[in-house]
Amino acid sequence: MMSRISIEQVKHVAHLARLAITDEEAEMFTKQLDAIITFAEQLNELDTENVPPTSHVLDMKNVMREDVPTPGLPREEVLKNAPDHQDGQFRVPAILE
Amino acid sequence: MSLFDHKISELHTLLQKKEISVSDLVDESFRRIGEVEDKVQAFLTLNEENARAKAKELDDKLAKEENDFGVLFGIPIGIKDNIVTKGLRTTCASKILYNFDPIYDATVMERLNEAGAITVGKLNMDEFAMGSSTENSGFQLTRNPWDLERVPGGSSGGSAAAVAAGEVPFALGSDTGGSIRQPAAFCGVVGLKPTYGRVSRFGLVAFASSLDQIGPITRTVEDNAYLLQVIAGLDPMDSTSANVEVPNYVEALTGDIKGLKIAVPKEYLGEGVAEEVRQSVLDALKVLEKLGATWEEVSLPHSKYALATYYLLASSEASANLARFDGVRYGYRADNAKNLIDMYKQTRSEGFGNEVKRRIMLGTFALSSGYYDAYYKKAQKVRTLIKQDFEKVFEKYDVIVGPTTPTPAFKIGEKTSDPLTMYANDILTIPVNLAGVPGISVPCGFVNGLPVGLQIIGKHFDESTVYRVAHAFEQATDYHKQKPAL
């Protein structure tokens, strides 16, 4: 049987999800994801042509509130959990080579 | 006999009469933790110093003010580790948050603190609530107090195990596909997943935002109602919390279910459900009949599609929600990355466990260009059909009753090799999340010394009826009085 997802696709998806996976892991995930996706394809048994999708179970539209300014979290608190920060900013490795 | 053999309302009376102090309650919690935690391993973080200090503070208040406090005042509580607690480490049982110290409280925590409940510690879970056995914790294995070779269920396994073991009188869990009800069933305690929108999700670390709900895990239905009373209601910080009046839940516990119409879906007693579990549920239905209820078999025809629908939708939402864990603002960051993208990748690969990676990738795939309509949108449409199944049954019946899980607790390691086998555990709880309705699990029997859970499902925002039925059943049986021999 043709597989639903190839090892190249799994590596691509891992890249999109910002995950580094080894070749061994890619093989394992390909097998597992293929089984899950194959299982999920049972949904194709159902004709859903005229069925509207549900993204939210409650009948809610946009929830509005008054636009009242309130103070945000204090900067030193927000930086408290940062792995690296400098001059009141989050510090990250080089973005451009 | 432990103080925690009392219901919370009884502890409240003892406090009012000054027969016990808040410090006694907190002492009892840490005494029991000292006694059994080595075996159960339910807690990831203990909050002993603060809990004892707060107990003293509340005892002072108690000495000065008369009767001016609610039922939760001074009662120790355990909190699932995906609910943020200001100043108390919150990890989601993930290495990626191993050192995360929240700078604000979840809304449920604000409400509990206001009510005077005392946080004893943070409870183990499957990493980011993804799992059905708590074996996916990045830190430790929690064991089922009824049989230490078995899992406590998941993902709120620590919460259910801690309550069953008598370490705390009650706890908070969260339920995305069964994560409160399934461990409650496995550990012989009471667990409610409220209606979607009933309880604020602000400060609950998001797994699948359209499915997640926080709910109480307790020893009795009455305790459960008291806890929900405090945490339920609209929250301006969560736009998906519902503007629906919160009734008095304890008043609903009348014991009277005469004339109640129960639907029993044939899909919930069919293939895959163990014969002994089926028998326990049929026996429970006899008890409910004796109390004046009637039941009929019905069909929820799309039940078999719920599992696939859930894994596509929950994983898709998770892939988006977990994008925030990138090593920039909080948590773990990998060393020696060459550049930013490399840092993201190394951090996430080292920080997340395999189940989390699997679901992020499944979700990323289902949402990716070319597959979105075939998988994600298809699942959203099937979700509509599943929801309609429930709506149709609720036109004629008050509640839906069935087992919570197909089998009692399984052995540690038994289902870890194949993700699909593990997922199948949740076939009876997942449809409830997809439909957004409330569901409770109450103890309804034992199979070879292991607890079995009865699931009672209600209409949107009708927790009162769910509680009324659960309570009437509980009062007519003594399963909830059994305790594990630890």
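The values are calculated or read from the model by the stated rules, or taken from the named source; none is laboratory data. Only a predicted model underlies this, so the values are computations on that prediction, with no experimental measurement involved. Quick reminder, even Gly has a Cβ in these numbers, built from the backbone with ideal geometry, and neighbours come from all protein chains shown. Side chains included, ligands, DNA and RNA excluded: accessible areas come from the protein's heavy atoms. Shrake-Rupley method; radii C 1.70, N 1.55, O 1.52, S 1.80 Å.
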Notebook entry, point to check: Which peptide among B:161-168, A:69-76, B:311-318, B:271-278 comes first, and what is the full order, when sorted by highest mean count of other Cβ atoms within 10 Å?
Noted result: B:161-168, B:311-318, B:271-278, A:69-76
Item checked: Long-range amide H partners of B:Phe461 with built H, under 5 Å -> B:Thr195
Checklist line | Number of partner chain Cβ atoms within 10 Å, mean per residue of A:37-49 | finding: 6
Note to self: Explain nothing, just the number: relative contact order of chain B, from Cα pairs under 8 Å at least 6 residues apart, as a whole percent.
What the structure shows: 18 percent
Item checked: Two-site label geometry, B:Lys266 and B:Lys481: point separation in nm, points 7 Å out along Cα→Cβ -> 3.9 nm
Check: Which whole-number value in Å² is the accessible area per residue of segment B:1-78, probe 1.4 Å?
Finding: 50 Å²
Notebook entry, point to check: Roughly how many whole Å is it from the C-alpha centroid of segment B:311-333 to that of segment B:280-296?
Noted result: 44 Å
Notebook entry, point to check: What residues from segment B:90-123 fall in the zone where the backbone N is under 20 Å from a label point 7 Å along the Cα-to-C-beta line of A:Val63?
Noted result: B:104-112
Notebook entry, point to check: Sorted by mean Cβ packing within 10 Å, highest first, what order do the peptides B:119-132, B:181-194 take?
Noted result: B:181-194, B:119-132
Next item on the list: On a C-alpha basis, how far is the centre of segment B:40-55 from the centre of segment B:346-378 in Å? Whole number, if you could?
Entry: 36 Å
Item checked: Within the protein assembly as shown, percent of DSSP bridges classed antiparallel, to nearest 5 -> 70 percent
Next item on the list: Based solely on C-alpha atoms, express the radius of gyration and the Dmax of chain A in angstrom.
Entry: 22.6, 59
Item checked: Table column - 3J(HN,Hα) (Hz), segment B:254-269, Karplus curve with 6.51, -1.76, 1.60, x for Gly and Pro -> 8, x, 9, 10, 4, x, 5, 9, 9, 9, 10, x, 5, 5, 8, 10
Next item on the list: Using only the alpha-carbon atoms of chain B, report the extent along each of the three principal axes, biggest first, to the nearest angstrom.
Entry: 64, 53, 44
Check: So for the pair A:Asn81, B:Arg324, with labels modelled 7 Å out along Cα→Cβ, what separation do we get in nm?
Finding: 0.8 nm
Next item on the list: Residues in segment B:106-138, backbone N under 12 Å from the label point at A:Leu73 (7 Å along the Cα-to-beta-carbon vector): list them, ranges by number please.
Entry: B:106
Check: Whose amide H sits under 5 Å from the amide H of B:Val298, counting only residues 5 or more places off or on another chain, with H placed in the peptide plane?
Finding: B:Val264, B:Lys266
Note to self: Can you tell me which lysines have their Cα less than 18 Å from the Cα of B:Lys483? Leave out same-chain residues fewer than eight positions away.
What the structure shows: B:Lys7, B:Lys39
Check: Relative contact order of segment B:93-182: what whole-number percent is it, with Cα pairs under 8 angstrom and at least 6 residues apart?
Finding: 23 percent
Item checked: Interface burial for A against B (accessible surface, 1.4 Å probe, total of both chains, Å², rounded to 100) -> 5400 Å²
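Helix-only estimate, please: 222 nm mean residue ellipticity of chain B, summing -39500 (n - 2.57) across DSSP H runs of length 4 or more and dividing by its residues, to the nearest 500.
Mean residue ellipticity, 222 nm, calculated: -11500 deg cm²/dmol.
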Next item on the list: On a C-alpha basis, how far is the centre of segment B:400-461 from the centre of segment B:221-243 in Å? Whole number, if you could?
Entry: 23 Å
Next item on the list: Determine the principal axes of the Cα atoms in segment B:1-41, then give the extent along each, sorted from largest to smallest and rounded to whole angstroms.
Entry: 35, 17, 14
Next item on the list: Just grab the label-to-label distance for B:Glu19 and A:Asn50, each label 7 Å out from Cα along the Cβ direction, in nm (one decimal).
Entry: 6.6 nm
Item checked: Longest to shortest principal axis, alpha-carbon extents of the protein assembly as shown, angstrom -> 71, 58, 52
